[in-house]
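Undergrad: The structure is given below, and queries will be raised subsequently.
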Amino acid sequence: MHMGHPEQLRMEQPNRAYEILKECKLCPRNCGVARIPKAGTPRAGYCRQTDQLKVAYVGPHMGEEPPITGKRGSGTVFLTGCSLRCSFCQNYQISHEGIGEPMDPKELANRISHMIHRFRVHNVNFVTPDHFFPHVFQTISLVRQKGLTLPVVMNLSGYQSIEMLKLAGEFTDIYLPDFKYAHSSLAKRLSACPDYPSTALAAIEEMLRQKGYLTTERKEGIGTTGVLVRHLILPGYVENSCEALTMLFVEFGKRLPLSIMSQYYPVRPQKDSSLNRTVTREEFDRILNHARDLGFEKLYVQFPENLRQDLETKPSFVPDFSSARPFE
Ligand code: SF4
């Protein structure tokens, strides 16, 4: 749990991060665009965001893993835009379509404080924050000034730069990174980043160097610090999933806490036909058995039959960010 920082350190790191926006290299896309221009209009890079922070949702969310959700929910902050923009994104309304409202860090800090007091959430969970890291660091500094002692979760795509993670460490208690792809060709086709496997492995290594494996407090089993890696199963890509788990095991060992997610839903039509369906029980079993055979000791799993398989009706766990309450 975070113990507080001297005032100077609080503001230095956000300022350093804001400098990077002048030729943006906040993520491994390294667009180099002037999101804070010397003069004229701010530019946007691959993430389609400028220097204006945009926020899609601030509120409790019950759909994370048990040590993150607990009984009262995780205090999520969904930011508009994404540096990865996967074709199948489950949150495409915010990552691709730009739903969200402009907000400054002070207003966001106020909303987070309100959420903490109203819902008594277990943590503050920034979802896909890396393209807004400077604003997020500043927001965390402001909330900490108000007395925040809850763990801060960085919920990340895995496609992060080491330099930015080094800055993020000061503002983070729990890293929740994805490890999506073992195959570069798949990463290229679905997320336009063939370097994803090596970049994400290096990023997770840095997260583990900073925080170690996820640890939980005894009373309610809520996560306090550390790393929990997630893998979303893509229908039709069992080999990619099995190899991704093997890579994680070889790199980080059996004690790495791992969440295997089978919630994939085709939220919009995909060119790749297998991505227009949900994950089958057989696919899920092959991947879960592989994880068990490897010997992972701490697995969080979502069984597909517990999730809706009817393609006609969008399941309730797929958020609708055009609504004021996306998760209801
Ligand atoms: S954060 Fe956005 S603009 Fe900056 S490097 Fe990444 S994709 Fe490009």
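Computed from the coordinates by the stated procedures, all read-outs in this text should not be read as laboratory data. Please read these numbers as outputs of a predicted model, since none were measured by experiment. Heads up, the Cβs are rebuilt from the backbone with ideal geometry, glycines too, and the neighbour counts pull from every protein chain shown.
Undergrad: Using DSSP to define loop residues, name the trypsin sites (Lys or Arg not before Pro) in region 60-133 whose beta-carbon has at most 15 other beta-carbon atoms within 10 Å.
TA: Values: sites: LYS71, ARG72, ARG85, LYS106, ARG111, ARG118, ARG120; in loops: LYS71, ARG72, ARG85, ARG120.
Those that pass, being in a loop and sparsely packed, are LYS71, ARG72, ARG120.
Undergrad: Then there's this: With the cut-off at 1.5 for a/c, could you classify region 129-216 from its C-alpha gyration tensor as rounded, prolate or oblate?
TA: Numbers: a/c = 2.65, a/b = 1.90, b/c = 1.39.
Prolate is the answer for region 129-216, as a/c is 1.5 or above and a/b outweighs b/c.
Undergrad: Determine the sum of side-chain charges near MET261: Lys and Arg each +1, Asp and Glu each -1, restricted to other residues whose C-beta is under 10 angstrom from that of MET261. Before the final figure, lay out the partial values.
TA: On the way: positive: ARG230; negative: GLU65, ASP178.
Net of charged neighbours comes to -1.
Undergrad: How large is the direction-averaged shadow of the alpha-carbon convex hull of the chain, in nm²?
TA: Details: hull surface 63.4 nm².
So the Cα hull casts an average projection of 15.8 nm².
Undergrad: Which pairs, out of LYS54/LYS271; LYS54/LYS106; LYS38/LYS188; LYS22/LYS166; LYS106/LYS180; LYS106/LYS146, put more than 23 Å between their alpha-carbon atoms?
TA: The pairs that break the limit, which is 23 Å between Cα atoms, are LYS54/LYS271; LYS38/LYS188; LYS106/LYS180.
Undergrad: At 0.36 nm per residue, minus the direct Cα-Cα distance, what do SER113 and VAL267 gain on full extension? Give it in nm, one decimal, please.
TA: Values: separation 154, 0.36 × 154 = 55.44 nm, distance 3.20 nm.
The span from SER113 to VAL267 would gain 52.2 nm if fully extended.
Undergrad: With the dipole of the chain worked out from charges on the C-beta (+1 for Lys and Arg, -1 for Asp and Glu) around the Cα centre, which of PHE296, CYS47, GLY212 lies farthest toward the positive end?
TA: About the Cα centre, the residue reaching furthest to the positive side is CYS47.
Undergrad: Any idea how far the Cα center of region 268-289 sits from the one of region 170-230, in Å?
TA: Cα centroid to Cα centroid, the span is 22 Å.
Undergrad: If r is the Cβ-Cβ distance from SER87 to ARG292 and R0 is 25 Å, what FRET efficiency results, to the nearest 0.05? Intermediate values should be presented prior to the final figure.
TA: Working: r = 30 Å, r/R0 = 1.21.
Efficiency for this residue pair is about 0.25.
Undergrad: Let me ask something else. From the phi of every residue in region 170-177, what ³J(HN,Hα) in whole Hz does the Karplus formula 6.51 cos²θ - 1.76 cosθ + 1.60 yield, where θ is phi - 60° and glycine or proline is x?
TA: Once θ is set to phi - 60°, the couplings for region 170-177 become 5, 10, 10, 10, 10, 9, 10, x Hz.
Undergrad: Using the Cα centre of region 7-306 as origin and beta-carbon charges of +1 (Lys, Arg) and -1 (Asp, Glu), tell me which of LEU167, THR76, ASN155 is placed farthest towards the positive end of the dipole.
TA: Projecting each Cα onto the dipole axis, the largest value belongs to THR76.
Undergrad: Among all helices in the chain defined by DSSP H, which have a length of 20 Å or more along the axis from Cα atoms plus a Kyte-Doolittle mean of at least 0.0? Write down the numbers at each step before the final one.
TA: Details: long enough: 7-20 (21 Å, -1.49); 105-119 (21 Å, -0.63); 196-211 (22 Å, -0.24); 238-252 (21 Å, 0.82).
Membrane-span-like by this criterion, though nothing is claimed about a membrane: 238-252.
Undergrad: Further question: Quick check: residue separation of ASP195 and GLU220 times 0.36 nm, minus the Cα distance between them. What number comes out in nm? Don't skip to the answer; put the middle values down first.
TA: Numbers: separation 25, 0.36 × 25 = 9.00 nm, distance 3.87 nm.
Roughly 5.1 nm would be gained on extension.
Undergrad: Using DSSP, restrict attention to beta bridges with both residues in the chain and report what percent are antiparallel, rounded to the nearest 5.
TA: On the way: 10 of 33 bridges.
Restricted to the chain, the bridges split so that about 30 percent are antiparallel.
Undergrad: Still on this model: So what is the calculated 222 nm ellipticity per residue for the chain, using -39500 (n - 2.57) for each DSSP H run with n of 4 or more, over all residues, to the nearest 500 deg cm²/dmol?
TA: Result for the chain, helices only: -10000 deg cm²/dmol.
Undergrad: Going by average Cβ density within 10 Å per residue, which order do the peptides 136-147, 260-271 take, highest to lowest? Working shown, then result.
TA: Values: 136-147: 20.7, 260-271: 16.3.
So the peptides 136-147, 260-271, ranked by packing, come out 136-147, 260-271.
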